[in-house]
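J.: Questions regarding the structure given below will be posed in turn.
Since every read-out is calculated from the coordinates, none of them should be taken as a lab result. Remember, it's a predicted structure, so these values are computed and weren't measured experimentally. Backbone-built Cβ (ideal geometry, glycine too); neighbour counts: all protein chains shown.
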Amino acid sequence: MPVVILLVGPTGSGKSTFVNHLLSPGRNMAKVGAKGDEKPCTKTCARYDIAVDGNDYILIDTPGFENHQPSHFKTLTRISELQKNTGVDPLTITGAIYFHRITDGKHSGPLRDDLRIFREMCGEDFFPCVAFVTTTWDILNKRARESRYEKYNDDLDRRYLRFSEQGPEIFKCFNDRPTCSAVVRHFSKLATSSGGKRNELLLFKELSSGVKVRWTAAGKITQKPSRGNKGCIIL
């Protein structure tokens, strides 16, 4: 059985670029926006079947959360339609990745809301199956990597991403195949260690029980006012 991984994050955080590094030569590439373009390229969930080290994976690229609160419910709705657009049963998802540009140190309210929505999409039982991928390391010079950004990356888990004692794992991607491959290998190990038992994403458990998107735990977050008027914090 292939390992199914859901890719989530703000527009421009590197989800589609991650996919492209793992596709075999000659495959249709995921569309990637121009540098500095904050308009989403992925409009609906898209499926990519890949192989790494002889193991099969299905990557589900999702529409990015845009940097304004009203779009969050629309994005969540498109993610909820995953099965219709990809043919993948969402209850078979092995793990989920949240992407974050390491250079985006200060987050406004809507961007912090993205992470809150992601937490509620997953649910506590799914936290051990979550990974956090920081991107754009390749654009930093060596001094920057070794100083502010290394410390910032190390602080993510300690200060903000402690979903539980078991997760998430944090990975750095340098815009190349080796570092992207290391991330998917992590999920293959998770699938093996679980002995075939799957945790289920809370969002899709709720939807399968008849809850409307708007009233799921994640959907309720999209209905609340953004915290954007309270300034910025370091995520």
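J.: In the structure shown, do any of LYS172/LYS212; LYS84/LYS172; LYS197/LYS224; LYS74/LYS205; LYS43/LYS142 have a Cα-Cα gap over 29 Å, and if so which?
T.: In this structure, LYS172/LYS212; LYS84/LYS172; LYS197/LYS224; LYS43/LYS142 lie more than 29 Å apart at Cα.
J.: Shifting gears a bit: What list do you get for LYS43, LYS15, LYS74, LYS142 if you sort them by fewest beta carbons within 10 Å?
T.: By the 10 Å Cβ count, ascending: LYS142, LYS43, LYS74, LYS15.
J.: So, one more: Calculate the FRET efficiency for THR44 and SER209 from the Cβ-Cβ distance with a Förster distance of 30 Å, rounded to the nearest 0.05.
T.: Details: r = 24 Å, r/R0 = 0.79.
Using R0 = 30 Å, I get an efficiency of 0.80.
J.: Given H placed 1.01 Å from N in the peptide plane, which residues other than close sequence neighbours of VAL3 have an amide H under 5 Å from its amide H?
T.: ASP56, TYR57, ILE58
J.: Multiplying the sequence separation of LYS189 and LYS84 by 0.36 nm and subtracting their Cα-Cα distance, what value in nm do you get? Don't skip to the answer; put the middle values down first.
T.: Numbers: separation 105, 0.36 × 105 = 37.80 nm, distance 2.83 nm.
In short, 35.0 nm is gained.
J.: Please arrange MET1, MET121 by counting, for each residue, the other beta carbons lying within 10 Å of its beta carbon, fewest first.
T.: Values: MET1 10, MET121 26.
Ascending Cβ contact count within 10 Å gives the list MET1, MET121.
J.: Let me ask you something else. Quick check on packing: order 168-177, 90-99 by the mean number of other C-beta atoms within 10 Å, highest mean leading.
T.: So the order, starting with the most tightly packed, is 90-99, 168-177.
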